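Shown next, in structure tokens, is the structure this report addresses.
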Amino acid sequence: MHRLREWTPDDADRLLDAFTDPELSRQEPRVPGTPGQALEWIAHRAELVRERDVHGFAVVGGDADDPLGHVQVAVTSPRHGWGWVSYWTHHAARGRGAATAAALLISEFAFTRLGLFRLELGHRLDNPGSCVAARRAGFRPEGIERAKLRYGGHRYDTGAHARLADDPVEGVPDGPCRAG
């Protein structure tokens with residue numbers, strides 16, 4: 001059983017270890033490289049809630065309290081009830097359902113606590129695991145967005161997904177997104 005919790009200063013070492021993964025660190029705009037920077041990253045989560053309506057949490061599993069990853073929802077349109085979901089997993093937790101659980105839990109939070117109706121997410125097409133996690137969490141594919149993301153000097157096509165508050169989680173076929 002997975003759950004969400006606030007990031008705490010005790011998570012700084014685990015956070016630093018997560019960002020030793022070059023794949024993860026190229027996607028995060030604020031990569032902590034020292035214990036002090038990890039503590040700043042953790043403190044910044046509270047600022048994001050207050051200043052930008054972005055709600056981020058550590059994802060933990062079972063009785064263990066070590067973060068398996070991070071998930072957040074950014075309220076992108078309060079008027080229309082839209083939010084943007086993003087998640088990542090620690091390299092040691094990949095392939096064990098943490099991303100799917102994170103997407104399910106943040107969806108429940110967004111629909112019930114924030115009153116959102118539509119959640120969107122996107123992932124690089126060369127990240128089929130993220131596509132599978134999104135589908136398993138009830139996010140239906142809506143298409144391919146060409147060259148949407150830029151990391152370094154490269155642009156990436158993304159798989160676009162959405163989940164509505166009244167969508168069932170079940171019924172979304174598994175499998176990676178494919179272009180065209």
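The values are calculated or read from the model by the stated rules, or taken from the named source; none is laboratory data. Owing to the predicted nature of the structure, the values given are computational and were not obtained by experimental measurement. When we count neighbours, we look across all protein chains shown, and the Cβ atoms used for this are built from the backbone with ideal geometry, even at glycine. Areas reflect the complete protein model, heavy atoms only, side chains present, ligands, DNA and RNA absent. Shrake-Rupley method; radii C 1.70, N 1.55, O 1.52, S 1.80 Å.
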Euclidean distance between Cα centres, region 141-168 to region 118-135, Å
7
If a/c stays under 1.5 just call it rounded; otherwise compare a/b with b/c (prolate if a/b is bigger, oblate if not). Do that for region 94-180, with a ≥ b ≥ c from the square roots of the Cα gyration tensor eigenvalues.
prolate
Solvent-accessible surface (1.4 angstrom probe) belonging to residue 82, in square angstrom, nearest 10:
100
Any idea which of 60, 70, 46 is furthest toward the positive side of the dipole for region 7-80, if Lys and Arg beta-carbons carry +1 and Asp and Glu beta-carbons -1?
46
For region 1-51, calculate the relative contact order in percent as a whole number, restricting contacts to Cα pairs under 8 Å that are 6 or more residues apart.
39
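What ratio of Cα Rg to 2.2 N^0.38 Å holds for the chain?
Normalised Rg, Cα atoms only: 0.99.
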